[in-house]
Structures are given as C-alpha cells and as structure tokens.
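One structure below.
The values are calculated or read from the model by the stated rules, or taken from the named source; none is laboratory data. Nothing here was measured: the structure is a model prediction, and the numbers come from that model. Glycine also receives a Cβ, built like all others from the backbone with ideal geometry; neighbour counts cover every protein chain displayed.
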Amino acid sequence: MSLRKAAVQLPVILGLHFVCMGFGAGFENVKIQAVHVAGMVYMLQGAGGNIGVSAGTDGIFLIDAQFAPLADKIERAVERIKPGPIKFLLNTHWHQDHTDGNQVFGWKVPILSHENVRARLRSRQTRGKKIFEPAPEQSWPILTYQDSIKLYFNSEEIRIRHFPVGHTDGDSIVFFSSSNVIHMGDHFFNGKFPFVDLDSGGSLDGYTNNVLSVIESAKSNVKIIPGHGPLATLGDLKLFYQMLLETTGLVKQRLAKGMRDQEILKAGLPEKWNSWGTGFISTSKWLETITGSLRSTAHH
C-alpha cells in the first residue's frame, strides 16, 4: 500500500473524523465547490471547514485541509483554478475538520500554524468525554509563529494573525491585503451558532472580542471567508456579532433573575435566531455554551 493511500485510509480506519465535528461517512459523495472571492483568492467548500486558496504565479497557498479522504478532490479542484504546486498549507486551528487532510498534504507541503496548533496535534486532546489521539507525525506543522507572520506571495502581502482565547487557543485569521479578503477560520460561522471550544482554551468573551476586532479593522467592501457557511460580507459578520451580543445578553438577564440552566434552555431564544440553530451547534447547545461560559467567568 502506498503512503498516500495509507494516509487517506488511516482516519477511516480509526474513525477519528467521525467524532470531531459531527461529520459522517460518505466522502465519496462529497463535491468540492470552488467560489472565486476576489483577486487570486478562492474558497473551496466540501465537508468540513471552508478552504482558502491563493492561486497565482508563485503557486498555491492553501488554508485548511478538511478531511484526508477528500485530499485528491481538493487537489483536483485547485488544479482547475490554476495548475501549479501547493507551496504552503496553513491550519487555522487544530480541529480535525480543518486538519485531518494534513496527513496527506504533509508528506509534500510545509504546514504552517500557530504554535499551539502544533502542540495540540502532537498530543492527546479531550473534549468532555471525547478523546482525540495525537495526529500522525506528518500532520504536524513544521513552521509555527507566536503573534503574527507575513507571507509575500502571489504579488500580495498576506498577514496571518493569532487571535487568542477565542474559538480555541491557537486560532489564525488571514488577511489578504491587495485582494481585500479575510479568512476567519472558525471565528465566523455564517448564519449559524458557532462552536466555542472551551476545552481547547476557547472563550466566549474572547471570541466575541476577536470578532469585533476584525469588524473594526475591516474595509466596507471586504469579502470574508467563514470557517463554515457561504461567502460573506462585512454586513454578515456584523449580524453574527449582533447575534453573539444579543444571545449572551439574554442569558445574562436570565441568570441574574436566578433561572436554572434547564429553565434557560426551555425558554429558548427569540424566533429571529431559529434558523441559526440548524447547523452543527443547535440552539440548546449554544445556550449551554453561553450558560457554561458565564458561570465559569463568574467563578473566577
């Protein structure tokens, strides 16, 4: 068996990706759709986190890698955009729906991430009762940074910044200066409630503050690639931020009234947010996240 084939089959054998973000089998039916964003920047959608692509004369810069069984489809989708070598792969954070493909791409492409991503991929991770074994060595980033790093690639400055204690403790957000594009990673679920990984150093307050920081620095006509969901505008990100403030504020009010967790869940959220609970994070899971975060903050 070839290394490439083994790398693709390994996560299927272990079932690792099934327990990460709620995605099941059936990768053979997944289609990788390419969307032109602006300039030389594209977005690939398949199963897992949205992939960012810078495709130009310097080659290909890839942001996130979805699942290992999709690697061939991802490569073909990139080739249809522009044939050329993949020069770098960036992981926006450690979650397997963004990094499982590392075990295929890592044999031939240098992987870049925040230093906390490498640390988490190299060690066993737990989330509640779920356990995630260390990723294979070829999946580990070989280039890491602490606060920020720049790539001068395909005739544009690409700024990669660490946004701490947000979605996890190792999140990168990518700014394409000339194209005016931002890849948010999982700091943005367009039109859905987000997953804030409290067990991986995430924080609801930090997450909300990080989103505001991006809004304050973004240009009005910016194109935004979310971690999940369709390509977005600054208006979409502002609505997402409004949701974070309103839903958190509502739970704060209920806690101040002495409501118990089950009472808060039963009360639900205003109807205008109903559709936001149809993704990976249901309305009840989002309320549990807010309640747990607020109670944890109150104890510190």
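At-a-glance table
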quantity	calculated
Members of region 25-83 found to be assigned to a helix (DSSP H, G or I) and charged (D, E, K, R), listed by number	Glu28, Asp72, Lys73, Glu75, Arg76, Glu79, Arg80
Qualifying residue in region 209-232 (condition: within 22 Å of Arg127 (Cα to Cα), touching a strand residue (DSSP E or B) at 6+ places or on another chain (Cβ under 9 Å), surrounded by fewer than 16 Cβ atoms within 10 Å (Cβ to Cβ) and not aromatic (Phe, Trp, Tyr))	no
Hits in region 240-269 - residues which are under 26 Å from Phe188 (Cα atoms), out of contact with any Ser or Thr (no Cβ under 8 Å at 6 or more places or on another chain) and outside any helix (DSSP H, G or I)	none
Candidate set from region 152-164 (those that are crowded, with 17+ Cβ neighbours inside 10 Å and over 20 Å from the mean Cα position of the chain (by Cα)); member that is farthest from Lys108 (Cα to Cα)	Glu156
One residue from Asp205, Asp199 being among the charged types (D, E, K, R), under 21 Å from Asp97 (Cβ atoms) and part of a helix (DSSP H, G or I)	Asp199
Flag for Lys285 being touching a residue at least 40 places away in the same chain (Cβ under 8 Å), of a type in the set (Lys, Arg) and either under 30 Å from Ile131 (Cα atoms) or touching a Leu at 6+ places or on another chain (Cβ under 9 Å) (or both)	yes
Criterion violated by Glu246 - all others in (1) under 17 Å from Ile281 (Cβ atoms); (2) in contact with a strand residue (DSSP E or B) (Cβ under 7 Å, 6 or more places away or on another chain) satisfied	(2)
Unique match (being more than 20 Å from Ala218 (Cα to Cα), out of contact with any His (no Cβ under 8 Å at 6 or more places or on another chain), in contact (Cβ under 8 Å) with a residue 24 or more places away in the chain and surrounded by 19 or more Cβ atoms within 10 Å (Cβ to Cβ)) among Asp169, Asp197	Asp169
Residue match in region 273-291 (condition: over 25 Å from the mean Cα position of the chain (by Cα), over 30 Å from Val37 (Cα atoms) and assigned to a helix (DSSP H, G or I))	no
Selection status of Phe67, modelled with pLDDT under 95, within 20 Å of the chain's Cα centre (by Cα) and surrounded by 15 or more Cβ atoms within 10 Å (Cβ to Cβ)	no
Enumeration of residues in region 166-179 that are under 14 Å from the mean Cα position of the chain (by Cα) and in a loop (DSSP other than H, G, I, E, B)	Gly166, His167, Thr168, Asp169, Gly170, Asp171
Residues within region 88-129 that are within 13 Å of Thr144 (Cα to Cα) and of a type in the set (S, T, N, Q), tallied	4
